[in-house]
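The values are calculated or read from the model by the stated rules, or taken from the named source; none is laboratory data. Since this is a predicted model, take the numbers as computed values, not measurements. As a convention, Cβ positions derive from the backbone with ideal geometry for all residues, glycine included, and neighbour counts pool all protein chains shown. Note: areas computed on protein heavy atoms with side chains; ligands, DNA, RNA excluded. Shrake-Rupley method; radii C 1.70, N 1.55, O 1.52, S 1.80 Å.
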Amino acid sequence: MNILVLGSGGREHTFAYKIVQSSLCKKLFVAPGNAGTAKIATNVAISVTDFAAIKELVINEKIEMVVVGPEDPLVQGITDFFAGDNDLKNVAVIGPSQEGARLEGSKEYAKEFLFRHNIPTASYQSFTESTVNEGKQFLETLNAPYVLKADGLAAGKGVLILQDIEEAKTELENMLTNKKFGSASEKVVVEEFLDGIELSVFVLTDGKNYVTLPTAKDYKRIGEGDKGLNTGGMGAISPVPFADDDFMNKIEEQIIKPTVQGLAREDIDYKGFIFIGLIKVGDDPKVIEYNVRMGDPETEVVLPRVKTDLVSLFKHVSDQTLNEINIEIDPRSATTVMTVSGGYPEAYEKGKEITGIELISDSIVFHAGTKMEHDKIVTNGGRVIAVTSFDDDFRKALVKSYNSIEKLYFDKMYYRKDLGFDL
Ligand code: AMP
Ligand code: GLY
């Protein structure tokens with residue numbers, strides 16, 4: 001069948017890389033894609049939220065499956081748009097309904113869902129401009145550090161963690177009254193700080209059944225030692241070494257099952273990925289957040305470890321028959337290291353020529369912010385290329401990724417050299 005992947009990052013290049021390996025895929029389109037997807041699929045220059053243009057493409061190219069990479073189209077209701085359109089309703093969309101996407105689109109909605117289903121998470125209260133004083137009083141009842149979260153989507157920047165109570169009160173006011181994150185911070189969730197080590201689990205569900213994908217840990221800060229500004233993610237490791245069988249059983253029983261059952265019980269149409277951000281507090285997992293898509297760069301280590309045909313998995317999602325398939329996972333560790341443009345996550349330049357990709361043979365190169373310009377591959381974003389490697393333990397895999405990166409070059413290229421330092 002003909003398939004469309006929406007998005008343009010390393011995550012989408014990884015989807016494309018897996019999908020073209022499937023005998024079920026006849027022709028693959030990526031919108032808008034990058035220089036990496038251009039090599040293995042047909043890029044189409046349309047935006048992931050231009051539903052009318054997507055419809056035209058799907059009809060013209062007889063596309064039967066759409067895999068949604070990023071959250072924006074999901075939060076804007078692309079799945080409902082397809083389901084409600086006579087010409088599109090038989091197209092399989094991998095991604096939840098708009099209602100399901102609220103698990104990522106609204107922190108308050110997610111917290112309410114977690115509490116309704118008794119899933120372990122930090123205690124919280126939410127506030128609006130008219131209750132900012134109650135918010136400040138609530139902060140007084142908590143111990144430092146203070147966690148403030150803009151309710152809506154804020155491009156990964158909406159969470160503040162503050163040591164000082166006065167600063168926390170000022171920031172709460174900034175978010176609610178001065179709209180620090182625009183409409184995303186019209187409501188703010190204030191929550192208990194959880195102290196522990198983070199990991200993520202990924203679930204693919206058809207709304208009734210699910211398969212658990214490999215765990216991963218990403219490195220979000222720009223600087224070594226997890227210092228400096230937050231980024232989209234500077235690298236990832238899978239599996240997470242401390243997630244042993246006991247801990248994974250807890251995650252499955254206390255978090256994954258009640259999440260999938262909760263969605264079903266509430267009649268929320270959900271056929272897609274659930275990315276659960278967790279913190280291990282003592283010996284127990286607690287949910288920090290839900291995302292309604294795969295992570296980036298987590299996808300670059302999770303999907304290469306999935307040996308089961310990805311398109312066949314997606315077909316089972318769409319047919320609600322995931323219970324009929326056993327997922328096979330590569331037991332080796334995978335690591336990915338992200339190369340970024342100098343200056344990222346603040347201002348950076350684009351259009352720098354990238355060389356050396358073809359010299360890399362021990363790793364898989366996933367393009368993120370790249371594009372073709374004449375016959376050259378040039379940088380086109382903050383995160384540029386993710387280099388994924390396998391080995392029997394993550395430290396050896398990291399050495400391979402770092403050796404491969406030595407062959408890559410673009411002006412002001414930067415990457416973290418300390419991934420895994422905390423494990
Ligand atoms: P989020 O955007 O919800 O993923 O939050 C961004 C980051 O803030 C997370 O990856 C955690 O490192 C941190 N964080 C969020 N909530 C908490 C919490 N309740 N306690 C400690 N850290 C948190
Ligand atoms: N790497 C974090 C995310 O995709 O949200």
message: Against the condition assigned to a loop (DSSP other than H, G, I, E, B), of a type in the set (A, V, I, L, M) and either without any contact (Cβ under 8 Å) to a residue 40 or more places away in the chain or over 28 Å from Asn2 (Cα atoms) (or both), how does Leu398 come out, does it pass?
response: no
- prompt: Before we move on, is Ser238 more than 14 Å from ligand 1 (Cβ to nearest atom), touching a residue at least 60 places away in the same chain (Cβ under 8 Å), buried (at least 21 other Cβ atoms within 10 Å of the Cβ) and of a type in the set (S, T, N, Q)?
  reply: yes
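Rundown of residues vs (1) open to solvent by 10 Å² or more (accessible area, probe 1.4 Å); (2) of a type outside the set (D, E, K, R), yes/no style:
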{"position": "Phe390", "(1), (2)": "yes, yes"}
{"position": "Val399", "(1), (2)": "yes, yes"}
{"position": "Phe410", "(1), (2)": "no, yes"}
{"position": "Arg416", "(1), (2)": "no, no"}
- line: Per the list (1) out of contact with any strand residue (DSSP E or B) (no Cβ under 8 Å at 6 or more places or on another chain); (2) without any contact (Cβ under 8 Å) to a residue 12 or more places away in the chain; (3) not hydroxyl-bearing (Ser, Thr, Tyr), residue check on Phe115 breaks on (1)
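Need a quick list: helices (runs of 4 or more DSSP H) entirely within the stretch 54-123 having at least 1 residues that are away from ligand 1 (no atom under 16 Å from the Cβ) and buried (at least 18 other Cβ atoms within 10 Å of the Cβ). Explain how you work it out, then say what you get.
Details: elements: 72-75, 78-83, 98-105, 107-116.
Result: 72-75, 78-83, 98-105.
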message: Can you name every one of the strands (runs of 3 or more DSSP E) wholly within the stretch 148-238 that holds 3 or more residues which are within 16 Å of ligand 2 (Cβ to nearest atom), under 30 Å from Asn323 (Cβ atoms) and hydrophobic (A, V, I, L, M, F, W, C)?
response: 197-205
- prompt: Between a first residue in the stretch 50-68 that is without any contact (Cβ under 8 Å) to a residue 60 or more places away in the chain and a second residue that is charged (D, E, K, R), which pairs have beta carbons less than 8 Å apart while being 6 or more apart in sequence or on different chains?
  reply: Lys55/Asp85; Lys55/Asp87; Ile59/Asp87; Glu61/Lys27
